[in-house]
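The values are calculated or read from the model by the stated rules, or taken from the named source; none is laboratory data. Being a predicted model, the structure only gives us computed values, none of them experimental. Cβ atoms come from the backbone with ideal geometry, glycine included; neighbour counts cover every protein chain shown.
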Ligand code: GAL
């Protein structure tokens, strides 16, 4: 027997199934900084939960005099998400709707949270008409004040204002918000992120004085030909205005001038991300003053090239979600500022606010610090792709009003920010008339900005040809397409006239992203390419319980018992959820550097390319350091004047054999960076051969107990493998071709959709299970020569390995040749040897490239020097454990706290971690890894690149490791 549905429940069910926008909202407007009174309602509210809209009943809880059972109510923080405060649990999906695709109906299993706040109205508010402003309510809400329904909220990441004049009363009031997690609008909010209902942004009561400023629209253009600016500030007044508004921009000599008409300013400093000049301005009426910060800039397109202030603009961007590991999409402003500074310090100049407008104050930060923004509408219907895009709201007239409402609220709120160059209609919402309609509306409403939507495959309604994860070759083909006139199709002609943008590329998941340089080289080469946005800035893990090692738990999809989820696909950022950078960020900083430096092979010149949009290089100073064979010394390198967009060749006189490093640093603090901050560098490192033995080689000696001695090394004659080096026991010495699959190894490379991911190819070939057959152990003069054949079960392919060991009595040298035989069905992950030591590493010191790891297509940020890292930093821990941490070393000491192993090679990839690859590959979370008790070391002849196949391009052909003969040469010694 089902519970009878109450009239309240019936009404709620009808409401939740409506594709229409919310009821009762005031027309959207800019988020203004006004001197009118306000009262922030953030803090502790009370909440009670019901499992479904069918369970709601009218017990008068929305009224001040309600008699409520306190046992049913618990405190909840606003802003905040309910599942992160013990009410329900988070769930993560990428594309899939976690409920039946049955639009416009939400599922019955739909938690409803009734929120209550008792507030005392600030007396200064009551003298005015008032509105209640909700900046972000995830889910579908109905709002009451003192029992009077004010309206319904739809559009989780969008602001809604509800009038409450006459309802707000002196003294005590009660605000009630009934929030259902799912509604028809959930179909429009299918972004790849956690489903997290709650009032997660601020709630504020605003006085809206009669005759005050209802809305403002700033139009501030810059004319690069003569340096002038044109300013027009359109103002809409609230009812009851007796006097028109006036505008003042004191720094421009504008005092109480008219609004709504253009003002020509003979000379202004333009706004760019490099020179974020803002002019303080006031819009004034007798009833209200609004403060603005105005930036003059003009966005344009010429010859399919994106221009800012008449100059080509290259976007070096990231996709940014709002995420905090404890607070979800509630990100405190101080944290947002810190992350923007981190971006500045890594040469990032652009942000796509994927996939919804961020909190309103974020835009102020972007204006002030200098970022180019694509502000994206809160709209994604990706889950319809799973059902062949049937019933996609984007092409269904019943949803048109919701599309219009969402886009209007996006544009209206943020329209005064110079940082916003582009409006994005949404993400992955297929195609359809509703999208076309909002594109047209946006262009009409704001002709000074560009319209973006990646899903418009023919780019008919947009100003940028945008794609995600296009392959390097495709991008080059697009950059070099024949001119527009050669196309007969008018759509094609239109598209050919648009700049090209990668709104997402280089999927920063796990070890990677590989291949950043190849994209950037194209961006620099072809003017049609306006750059792109890395996917993505921050990982979305949520904090969980600590693991055995004391490591904080970082949780992802499936960790909350979800039946439909996408696992760790939400863990794909350049920085971890706590904003600790992963190694990819240092690589990106180098690739995104605004200055390119190139030392001629003969070291006679340094070519300096200024890639800034508008800065010359006078804020930077260059110096050159020589390292070895003489002690290090550093000299300044005088730079000539190099205006933005130009280059110079600087003559140099450098010693021939030293490692030379040229660095450009900031002279003073600025642009979010401290004085001395490195903006660009280049290096030339002469190859350093492995040192030869100082003393004469010693000969191998066989023992009676089955052991062979060679200098400090002892071998087992039955396996041919070393078992000791000095007093250090060596275990499990073996050849290795496998690596613990990275997230990219587990992804299907876009360019090879017919092939399984390389990790699956390795699994099928049993690359992780090589068996050894000893062929012979012989002496060749002073050398001990061991030959083995190593191959996986089942297959008739493998490798023949020759291990040639020599010693000078102090250390041992290994020259190892790994030669494939048979028909290999797959590429290799690496080629080298593994060994295990019975104690955990404390730290690794090395001379080579660092501090970050380097695979053939990563490590652009690593440079030659001497480094020290503790165990965890060397191993590079990722949320889902995987292969990482290889450094190219010439000389490294792996410290075991008491004794140490010294390894010398020539740019030898060295991996050191406390667990076997098998353990790493089988463990789902970093914090679940066992407490370290041993050390696993890999000495590789070579390793494969990592690519970006977790979403996009796989390893480029030049960085793959096809089976071929490999040579490894290494010296080993026990020290300490
Ligand atoms: C894109 C999508 C992003 C994210 C990414 C993969 O298709 O727009 O939201 O899902 O793929 O991480």
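For region 450-471, the set of residues classified as closer than 26 Å to residue 749 by Cα, more than 16 Å from the ligand (Cβ to nearest atom) and part of a loop (DSSP other than H, G, I, E, B) consists of 458, 459, listed by residue number. Just one of the listed residues (179, 168, 162) is more than 16 Å from the ligand (Cβ to nearest atom) and either outside the structural domain of residue 92 (by TED's automatic domain parsing) or without any contact (Cβ under 8 Å) to a residue 60 or more places away in the chain (or both), namely 168. Comparison of 184, 207, 176 shows that the only residue that is more than 30 Å from residue 394 (Cα to Cα) and out of contact with any helix residue (DSSP H, G or I) (no Cβ under 6 Å at 6 or more places or on another chain) is 176. Any residue at all in region 437-446 that's away from the ligand (no atom under 14 Å from the Cβ), modelled with pLDDT of 95 or more and crowded, with 24+ Cβ neighbours inside 10 Å? Yes, there is a match, as at least one residue in region 437-446 is away from the ligand (no atom under 14 Å from the Cβ), modelled with pLDDT of 95 or more and crowded, with 24+ Cβ neighbours inside 10 Å.
Looking across region 288-303, the residues that are in a loop (DSSP other than H, G, I, E, B) and buried (at least 21 other Cβ atoms within 10 Å of the Cβ) come down to 288, 295, 296, 297. Kindly indicate whether any position in region 70-81 is surrounded by fewer than 21 Cβ atoms within 10 Å (Cβ to Cβ) and touching a helix residue (DSSP H, G or I) at 6+ places or on another chain (Cβ under 7 Å). Checking region 70-81: at least one residue is surrounded by fewer than 21 Cβ atoms within 10 Å (Cβ to Cβ) and touching a helix residue (DSSP H, G or I) at 6+ places or on another chain (Cβ under 7 Å). Of the residues making up region 92-109, those that are within 16 Å of the ligand (Cβ to nearest atom) and assigned to a loop (DSSP other than H, G, I, E, B) are 94, 95, 96, 97, 98. Evaluate region 954-973: report whether one residue or more is within 16 Å of the ligand (Cβ to nearest atom) and either at pLDDT 95 or above or out of contact with any strand residue (DSSP E or B) (no Cβ under 6 Å at 6 or more places or on another chain) (or both). Yes, region 954-973 contains at least one residue that is within 16 Å of the ligand (Cβ to nearest atom) and either at pLDDT 95 or above or out of contact with any strand residue (DSSP E or B) (no Cβ under 6 Å at 6 or more places or on another chain) (or both). Listed conditions (1) within 16 Å of residue 736 (Cβ to Cβ); (2) part of a strand (DSSP E or B); (3) in contact (Cβ under 8 Å) with a residue 40 or more places away in the chain are all met by residue 918, apart from (2).
Would you confirm whether or not region 63-71 contains a residue that is more than 16 Å from the ligand (Cβ to nearest atom) and at pLDDT 95 or above? For region 63-71, residues more than 16 Å from the ligand (Cβ to nearest atom) and at pLDDT 95 or above: present. Screening the candidates 882, 843 for the property of being within 24 Å of residue 944 (Cα to Cα) and modelled with pLDDT of 95 or more yields one hit, 882.
Please verify whether region 124-131 includes one or more residues that are assigned to a loop (DSSP other than H, G, I, E, B), farther than 20 Å from residue 403 by Cβ, modelled with pLDDT under 95 and more than 16 Å from the ligand (Cβ to nearest atom). Looking through region 124-131, at least one residue is assigned to a loop (DSSP other than H, G, I, E, B), farther than 20 Å from residue 403 by Cβ, modelled with pLDDT under 95 and more than 16 Å from the ligand (Cβ to nearest atom).
Screening 196, 206, 231, 162 for residues that are modelled with pLDDT of 95 or more, touching a strand residue (DSSP E or B) at 6+ places or on another chain (Cβ under 6 Å) and over 21 Å from residue 414 (Cβ atoms) leaves exactly one candidate, 196. Does residue 839 satisfy the criteria of being more than 30 Å from residue 571 (Cβ to Cβ), touching a strand residue (DSSP E or B) at 6+ places or on another chain (Cβ under 9 Å), in contact (Cβ under 8 Å) with a residue 60 or more places away in the chain and part of a strand (DSSP E or B)? No; evaluated as a whole, the condition is false for this residue.
Every condition in (1) over 28 Å from residue 605 (Cβ atoms); (2) surrounded by fewer than 18 Cβ atoms within 10 Å (Cβ to Cβ); (3) touching a residue at least 24 places away in the same chain (Cβ under 8 Å); (4) in contact with a strand residue (DSSP E or B) (Cβ under 8 Å, 6 or more places away or on another chain) is met by residue 684 except one, and the failing one is (1). Test residue 948 against the stated conditions and say whether it is away from the ligand (no atom under 16 Å from the Cβ), under 31 Å from the mean Cα position of the chain (by Cα) and under 25 Å from residue 470 (Cα atoms). So residue 948 fails the test. Against the condition buried (at least 19 other Cβ atoms within 10 Å of the Cβ), under 34 Å from the mean Cα position of the chain (by Cα) and within 16 Å of the ligand (Cβ to nearest atom), how does residue 188 come out, does it pass? So residue 188 fits the description; yes. Criterion first (outside any strand (DSSP E or B), away from the ligand (no atom under 16 Å from the Cβ) and not assigned by TED's automatic domain parsing to the domain that holds residue 644) does residue 485 satisfy it? Yes, satisfied.
Just a yes or no: is a residue in region 527-539 outside the structural domain of residue 928 (by TED's automatic domain parsing), over 30 Å from residue 856 (Cβ atoms) and out of contact with any helix residue (DSSP H, G or I) (no Cβ under 7 Å at 6 or more places or on another chain)? Taking every residue of region 527-539 in turn, none turns out to be outside the structural domain of residue 928 (by TED's automatic domain parsing), over 30 Å from residue 856 (Cβ atoms) and out of contact with any helix residue (DSSP H, G or I) (no Cβ under 7 Å at 6 or more places or on another chain).
Can you pull out the residues in region 139-159 that are away from the ligand (no atom under 16 Å from the Cβ), assigned to a loop (DSSP other than H, G, I, E, B) and in contact with a strand residue (DSSP E or B) (Cβ under 7 Å, 6 or more places away or on another chain)? Result: 139, 146, 154, 159. Pairs are defined by a Cβ separation below 6 Å, a sequence spacing of at least 6 or placement on different chains, a first member in region 451-462 that is over 15 Å from residue 441 (Cβ atoms) and not assigned by TED's automatic domain parsing to the domain that holds residue 355, and a second member that is part of a loop (DSSP other than H, G, I, E, B) and within 16 Å of the ligand (Cβ to nearest atom); no pair meets this definition. If you check residue 901 against the conditions, is it outside any loop (DSSP other than H, G, I, E, B) and buried (at least 24 other Cβ atoms within 10 Å of the Cβ)? Yes; evaluated as a whole, the condition is true for this residue. Modelled with pLDDT of 95 or more and either farther than 16 Å from residue 273 by Cβ or surrounded by fewer than 19 Cβ atoms within 10 Å (Cβ to Cβ) (or both), is that true of residue 313? It is false that residue 313 is modelled with pLDDT of 95 or more and either farther than 16 Å from residue 273 by Cβ or surrounded by fewer than 19 Cβ atoms within 10 Å (Cβ to Cβ) (or both).
The condition of being within 16 Å of the ligand (Cβ to nearest atom), surrounded by fewer than 23 Cβ atoms within 10 Å (Cβ to Cβ), outside the structural domain of residue 932 (by TED's automatic domain parsing) and over 12 Å from the mean Cα position of the chain (by Cα) holds for only one of 561, 567, 514, that being 567. The test for being more than 16 Å from the ligand (Cβ to nearest atom), modelled with pLDDT under 95 and over 12 Å from the mean Cα position of the chain (by Cα) does not hold for residue 499. Counting only strands (runs of 3 or more DSSP E) wholly contained in region 657-761, the ones carrying 1 or more residues that are within 30 Å of residue 781 (Cβ to Cβ) occupy 707-710, 713-716, 722-725, 728-736.
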